[in-house]
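Since the structure comes first, as structure tokens, the remarks are kept for the end.
The values are calculated or read from the model by the stated rules, or taken from the named source; none is laboratory data. Since the structure is predicted, the reported quantities are computational estimates derived from the model, not experimental observations. Glycine also receives a Cβ, built like all others from the backbone with ideal geometry; neighbour counts cover every protein chain displayed. The area values use the complete protein model at the heavy-atom level, side chains included, leaving out ligands, DNA and RNA. Shrake-Rupley method; radii C 1.70, N 1.55, O 1.52, S 1.80 Å.
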Amino acid sequence: NAVAQHHQGIIVIQYDAHSDIDMNHSTLPYSQLDHGNYVNNLLRNSAVHKIIQVGVRDFSLPPNLAEFPITRCRRISEVLTGVTSKKEKAYLTVDLDVFDPGHLSEVAYPIPNGLSVDSFLADCGMIAEAFQLVACDLVEYNPTETSNGQGAVFVQYVLTNLLSYLCKSHVTLP
């Protein structure tokens, strides 16, 4: 919400296995925000122009989804047609459960058939070309006591590349 208030008309690009639209909690105040309903709060924020959800495989959808400014796709290329300049500002949020559990299983709610890291990074390149990324976040890495460290290496790789694309989004070459 803070980023949206600073950048009016922002587009939120959400990579997640879940829609995070828990309609059972749609009337809760912001103080009761949780991982399953934060999109509800974004929908109530007039500074958010649109939400693009990528990789959602577990749907908890409101019956009147058409009323919300949400676009869903498997890959970002499906919605980038017609975007020709970096005039629109975007916030990129990545829930690590968007990845296939074969790549990263150390998340709270893994769902099969997720994205590969290569397809995600290709999407990040397209996003950095199409939008002015103003901020990003990466959530839900949940290592266990028996984790062997491979998940941490995976998350570090994703985060390093994500930050690189964030920086590239702000660089304009002559």
What tally of residues in segment 104-141 results from selecting those that are polar (S, T, N, Q) and at pLDDT below 90? 1
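Being modelled with pLDDT of 75 or more, among the β-branched types (Val, Ile, Thr), open to solvent by less than 50 Å² (accessible area, probe 1.4 Å) and in contact with a Phe, Trp or Tyr (Cβ under 7 Å, 6 or more places away or on another chain) narrows it down to one residue among 48, 56, 94, 3; which is it?
On the way: 48 fails: in contact with a Phe, Trp or Tyr (Cβ under 7 Å, 6 or more places away or on another chain); 56 fails: in contact with a Phe, Trp or Tyr (Cβ under 7 Å, 6 or more places away or on another chain); 3 fails: modelled with pLDDT of 75 or more.
Only one candidate qualifies: 94.
Per-residue answers, yes or no, for (1) open to solvent by 60 Å² or more (accessible area, probe 1.4 Å); (2) over 30 Å from residue 7 (Cβ atoms); (3) among the acidic types (Asp, Glu):
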position: 111; (1), (2), (3): no, yes, no
position: 114; (1), (2), (3): no, no, no
position: 120; (1), (2), (3): no, no, no
position: 139; (1), (2), (3): yes, no, no
position: 145; (1), (2), (3): yes, yes, yes
position: 156; (1), (2), (3): yes, no, no
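Return the total of residues in segment 108-117 being farther than 18 Å from residue 20 by Cβ and over 16 Å from the mean Cα position of the chain (by Cα). Spell out the reasoning first.
Taking segment 108-117 as the starting set, the residues that turn out to be farther than 18 Å from residue 20 by Cβ are 112-113, 116-117.
The next check asks that each one be over 16 Å from the mean Cα position of the chain (by Cα); those that pass are 112-113.
Here the count works out to 2.
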When only residues in segment 59-91 that are surrounded by 15 or more Cβ atoms within 10 Å (Cβ to Cβ) and of a type in the set (A, V, I, L, M) count, which is modelled with the lowest pLDDT? 83
Output the qualifying pairs, or none if there are none: Cβ atoms under 6 angstrom, residues six or more apart or on different chains, first residue in segment 146-174 and at pLDDT 95 or above, second residue acidic (Asp, Glu). none
